[in-house]
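Undergrad: Quick one: this structure, given as structure tokens, is what I'll be asking you about.
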Amino acid sequence: MSTDLRVRRAGSALVVAFDRPEVLNAFRERTYGELVAVLDEAARDDTVGAVVLTGTGRAFSAGTDLKEAGAQLAAGSDADLVERTAALQDLTRRFTGHPKVIISAVNGIAV
């Protein structure tokens, strides 16, 4: 299965690298789901002390993949935009309420 994240252990740290360097690690809809799953797993794992977020290539992340979002919105309705916004808000709440330390190792562009 293809994934937008590369996950590895470094001691007690879980290193999560956004892995779409060809689009500056822009987040697709599925990237949000994958990151939520990794964060949930890290929260349950007593051997994880911290989660380190980074990007592959020359960018940390360009943010939402606007090509994908635009195509979905053109094919859908305003409800799709509301759903996308809710997913981003959910991810933000997971960061701020996460029981582990979350560190961003920002390289290059970060939006």
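Undergrad: Which whole-Hz ³J(HN,Hα) couplings does region 56-61 yield from phi under the Karplus relation 6.51 cos²θ - 1.76 cosθ + 1.60, θ = phi - 60°, glycine and proline marked x?
TA: Values, residue by residue: 8, x, 9, 9, 6, 6 Hz.
Undergrad: Ordered by packing density, taken as the mean number of other Cβ atoms within 10 Å over each peptide's residues, highest first, how do 98-111, 7-20 rank? Intermediate values should be presented prior to the final figure.
TA: Details: 98-111: 13.4, 7-20: 16.3.
The peptides rank, most packed first, as 7-20, 98-111.
Undergrad: If amide H atoms are built 1.01 Å from N in the plane of the peptide, which residues on other chains or at least 5 residues away come under 5 Å of the amide H of Val51?
TA: Leu14, Val101, Ile102, Ile103
Undergrad: Which value results when the Cα radius of gyration for the chain is divided by 2.2 N^0.38 Å? Could you put the intermediate results ahead of the total?
TA: Numbers: Rg = 14.4 Å, N = 111, 2.2 N^0.38 = 13.2 Å.
Dividing the Cα radius of gyration by 2.2 N^0.38 Å gives 1.09.
Undergrad: Output the antiparallel fraction of DSSP beta bridges having both residues in the chain, as a percent to the nearest 5. Please list the in-between numbers first.
TA: Values: 6 of 20 bridges.
Antiparallel bridges make up about 30 percent of those DSSP assigns within the chain.
Undergrad: Based on the alpha-carbon gyration tensor of region 15-55 and its eigenvalue square roots a ≥ b ≥ c, which shape applies: rounded if a/c is under 1.5, prolate if not and a/b is larger than b/c, or oblate? Let's see the in-between values first.
TA: Values: a/c = 4.60, a/b = 1.81, b/c = 2.54.
Cα axes put region 15-55 in the oblate bin.
Undergrad: Here is a further query. Based on alpha-carbon atoms only, what is the radius of gyration of region 66-111 relative to the globular estimate 2.2 N^0.38 Å? Before the final figure, lay out each step's value.
TA: Numbers: Rg = 14.3 Å, N = 46, 2.2 N^0.38 = 9.4 Å.
Output field value: 1.52.
Undergrad: Just how many % of Cα pairs in region 45-89 lie over 12 Å apart, if you round to the nearest whole percent?
TA: The proportion of pairs with Cα distances above 12 Å equals 73 percent.
Undergrad: Is it possible to state the helix-based mean residue ellipticity at 222 nm for the chain, with each DSSP H run of 4+ residues giving -39500 (n - 2.57), the sum divided by total residues, to the nearest 500 deg cm²/dmol? What is it?
TA: Numbers: 3 runs with 45 residues, N = 111.
That comes out to -13500 deg cm²/dmol.
Here, each number is a calculation from the coordinates, and none is a lab measurement. Remember, it's a predicted structure, so these values are computed and weren't measured experimentally. Glycine also receives a Cβ, built like all others from the backbone with ideal geometry; neighbour counts cover every protein chain displayed.
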